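The values are calculated or read from the model by the stated rules, or taken from the named source; none is laboratory data. None of these values were measured; they are calculated from a predicted model. Here the Cβ is made from the backbone with ideal geometry for all residues, glycine too, and neighbour counts use every protein chain on show.
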Amino acid sequence: MAHITEASLRAMLGRGRGLPDPFPVRAGDKLTPAAADFLKQRNIVLTRSDRGNLADRALIPVGVSNRHVHLAPRHVEALFGEGYELKPLRELSQRGQYAAQETVAIVGPKGNIPGVRILGPARGETQVEISRTDSYRLGVQTPVRLSGDIRGTPGITLIGSAGTVVLSEGLIVARNHLHLSPEDAKRLQVGQGDRLMLRTNGDRPVIFAGVVARIDPRFTLDFHIDTDEANSSFLSNGDSVTLIGANGKLSDSVKEELS
Ligand SMILES: [Zn+2]
């Protein structure tokens, strides 16, 4: 709740950034008659904004990824039989991607995880994405990596209905990232590879720092996190987070909110 006076408006002008037009007013804000006149004289209109004007512009949907496996074509055959093709079970948020009907067991030195979903279509190198909690269960120290960057990562064993594959590398905890179309990127003023700051809006406020921006015409706006991250920040599929900054700098409008 803010008490907006002519003096506070003059102070905002004095800080050199000008006044926003439209000027956001939240539920509970008090605007003095002199302040209203001050805005009117400058042809600035008022706008109702209940969670801050930034939140309206920069809400981003959350997608929680459970542990899963991407398979190279040769490993599809090794696990399920010669000439085998994955069968789609359901579409994922990113175009062309699907959860397959097939699952594998992941086997580590300390434990196994059965029924791990395969995501299709089959692609270049096999990659197994698990949470840190899973890594304790398997007994393998697993690094955080961006999807596709598997060089030097630990191996793991996969068991399918027709065979076993012993991987020499490919086990990762996926680095969280934001998928954007070029249009989303333009609207949110985000560049390829930017390190973004995203804030949750729930009962346990968390700021994710260093979220990697991935821009591609095939992408749909979606913040991808794993189940450990979702559980610790009380996020579920379909929730939203707010973009509050990039590359180590908070957005100006967030700084104003905090000051
Ligand atoms: Zn993703």
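In region 96-176, counting only strands (runs of 3 or more DSSP E) that sit wholly within it, the ones holding 3 or more residues that are under 22 Å from R218 (Cβ atoms) span 98-107, 112-120. From the list V62, V107, the one residue that fits, being modelled with pLDDT of 95 or more and touching a Phe, Trp or Tyr at 6+ places or on another chain (Cβ under 6 Å), is V62.
Of the listed requirements (1) touching a helix residue (DSSP H, G or I) at 6+ places or on another chain (Cβ under 9 Å); (2) more than 15 Å from the ligand (Cβ to nearest atom); (3) not β-branched (V, I, T), Y136 misses just one: (1). Residues considered: K87, K40, K30. Of these, the only one that is at pLDDT 90 or above, surrounded by fewer than 16 Cβ atoms within 10 Å (Cβ to Cβ) and of a type in the set (K, R) is K87.
Being under 23 Å from E129 (Cβ atoms) and within 16 Å of the ligand (Cβ to nearest atom) narrows it down to one residue among T200, T164, T227; which is it?
Being under 23 Å from E129 (Cβ atoms) and within 16 Å of the ligand (Cβ to nearest atom) holds for just one of T200, T164, T227, which is T227.
Within region 190-241, restricting attention to residues that are exposed (fewer than 15 other Cβ atoms within 10 Å of the Cβ) and basic (K, R), which residue is modelled with the lowest pLDDT? Filtering region 190-241 for residues that are exposed (fewer than 15 other Cβ atoms within 10 Å of the Cβ) and basic (K, R), the one modelled with the lowest pLDDT comes out as R204. Filtering E129, E91, E85, E125 for residues that are touching a Gly at 6+ places or on another chain (Cβ under 7 Å), of a type in the set (D, E, K, R) and outside the structural domain of A213 (by the TED database) leaves a single hit, E125. Look at region 58-81 and say how many of its residues are of a type outside the set (A, V, I, L, M) and more than 16 Å from the ligand (Cβ to nearest atom). Of the residues in region 58-81, 6 are of a type outside the set (A, V, I, L, M) and more than 16 Å from the ligand (Cβ to nearest atom).
Among the residues of region 143-188 satisfying the criterion of being over 21 Å from R95 (Cβ atoms) and within 16 Å of the chain's Cα centre (by Cα), which is surrounded by the fewest Cβ atoms within 10 Å (Cβ to Cβ)?
Only one residue fits best here, namely V144.
Taken across region 206-224, residues that are closer than 28 Å to I106 by Cα, among the acidic types (D, E) and within 14 Å of the ligand (Cβ to nearest atom) do occur, with at least one present.
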